[in-house]
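A.B. asks: After the structure tokens below, expect a handful of questions from me.
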Amino acid sequence: MLNISKNPVSKEIDLTTYASGKKIFNIEYYKYFNNFLKIFAITLFVALFLPWTQNITGNGLVTTLTPEQRPQTIQSQIPGRIEQWYVREGDYIQKGDTILRISEIKSEYFDDQLIERTNDQINAKISSVDNYQFKVNALGRQITALKQDRALKLEIARNKLLQAKLKVKSDSIKFEAAKTNIKIAESQFNRIDMLQNEGIMAVKDVEEKRLKLQETQAKLVEQENNLLAAKNEILNAKAEIARVNATYADKISKAQSDQFTAESSGLDAQVEVSKLENTNSNYRVRNSLLFITAPQNGYINLALKGGIGETFKEGEQLVSIMPAQVDLAVETFVRPIDLPLIHIGEEVRVEFDGWPAIVFSGWPNVSYGTYGAKVVAIQRINSDNGKYRVLLAPDETDHEWPSEIRVGSGARTIALLEDVPIWFELWRQLNSFPPNYYQPEPGSKEGSDSKKK
């Protein structure tokens, strides 16, 4: 009944006495539902006090623990032209195996005998260096001979100077003796002339004394000339010494100049030899670069340059390889607000794409299909996505990671923090508070073993 009227019939008539009324009004429709609600409320209230592990979730990729184990591309250090491939994509290669052969595209390296001709140039320059050294030695001997000849000539000139000095001394003595003789001759002539005037001596005696006086005067002039000649010989001897010094100084200087020129030319030739040897070494290394080899054991992923005859520049990527032996790791990204909660050694649970897992983020102990990991590195600057990169390594005390995992596959990470009641976590989520901040205790091996607020 709709009970539209303000005068209900139920006050006048007892509907429960009718058969249909007995079926309808005596049934408790919400009894089981109310009991269910009571039990659910009690269970929910009790569950609010169950422990909940705060966590930080993130998405990442499988990578390797060390940089040399990550996928890499092989480049050529020189420009070239592809001539022959020795591998196929997917092939396993060992370190040093030849991947492809290339050829030169620069005209200055087209000569097949470039190294041999460079060696010939080196040998020629080495011979030139030896010849310059021989010339230096010959000029050295020539300088020694000139010095010895100069010393001999100077000795002869000094002896002549000494002889001239002795002759001057001798002539000066004779000159003084001639002066004395002329005085004696003059005195004798004057005495004889006076005696002749007195008539004591004959005229003949006077004439003899006059003749003797004249002879003495002639000898005086002769001795004076000899003395002057001797003095001129001294000057000539000194001039000869100066001439010898000047002549041999010029010859020795010229020989020394030639010697220095030869030494300088020899050094220039040595520089040319060094340059040619350097060039030859570069040619040898360049020839070895015509064969692209594997830097380590691995697998050929992708040929980035294909075909025969295709040219490329230096540093251009040719082929991609994946190292054979890798230590798997996971790189994940966390928000800047969560970064202070992440520490080295922190325990993290990892769920790999393609591996079934049942995850209860707040109850890691009852989760299934996740694997243990630990934080080994935290990036100190944010990435392009605005988050910080965290590197995770396998936890050796947990289950071993599947060997079929490949580098580059996706992964979901859960960093485990502090244990709190569920009601606290709900309250925190409703208020958008960050997880409880804590720092590992000093000396703790693992950041998640002991935590403090």
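Readers should treat all values here as calculations from the given coordinates under stated rules, not as data from a laboratory. It should be emphasised that the depicted structure is a prediction, and the values quoted were computed from it without experimental measurement. All Cβ positions, even for glycine, are placed from backbone atoms using ideal geometry, and neighbour counts span all protein chains on display.
A.B. asks: What is the number of the single condition among (1) surrounded by fewer than 16 Cβ atoms within 10 Å (Cβ to Cβ); (2) over 25 Å from the mean Cα position of the chain (by Cα); (3) closer than 18 Å to residue 96 by Cα that residue 267 does not meet?
C.D. replies: So residue 267 meets the others, but not (3).
A.B. asks: Same structure, new question: Considering only residues of region 72-91 that are more than 26 Å from the chain's Cα centre (by Cα) and outside any strand (DSSP E or B), which is surrounded by the most Cβ atoms within 10 Å (Cβ to Cβ)?
C.D. replies: Filtering region 72-91 for residues more than 26 Å from the chain's Cα centre (by Cα) gives 80-91.
So of that shortlist, the ones also outside any strand (DSSP E or B) come out as 86-91.
On the way: 86: 14, 87: 19, 88: 8, 89: 12, 90: 9, 91: 13.
The qualifying residue surrounded by the most Cβ atoms within 10 Å (Cβ to Cβ) is 87.
A.B. asks: Another one. In this structure, is residue 121 in contact (Cβ under 8 Å) with a residue 60 or more places away in the chain, surrounded by 12 or more Cβ atoms within 10 Å (Cβ to Cβ) and over 36 Å from the mean Cα position of the chain (by Cα)?
C.D. replies: In short, no.
A.B. asks: Something else now. Just to verify a result, which residue in region 107-116, among those that are out of contact with any Asp or Glu (no Cβ under 7 Å at 6 or more places or on another chain) and surrounded by 10 or more Cβ atoms within 10 Å (Cβ to Cβ), is nearest to residue 316 (Cα to Cα)?
C.D. replies: Taking region 107-116 and keeping what is out of contact with any Asp or Glu (no Cβ under 7 Å at 6 or more places or on another chain), we get 107-109, 111-116.
Filter again for surrounded by 10 or more Cβ atoms within 10 Å (Cβ to Cβ), leaving 109, 111, 114-116.
Numbers: 109: 20, 111: 25, 114: 26, 115: 26, 116: 30 Å.
Per the stated criteria, the residue is 109.
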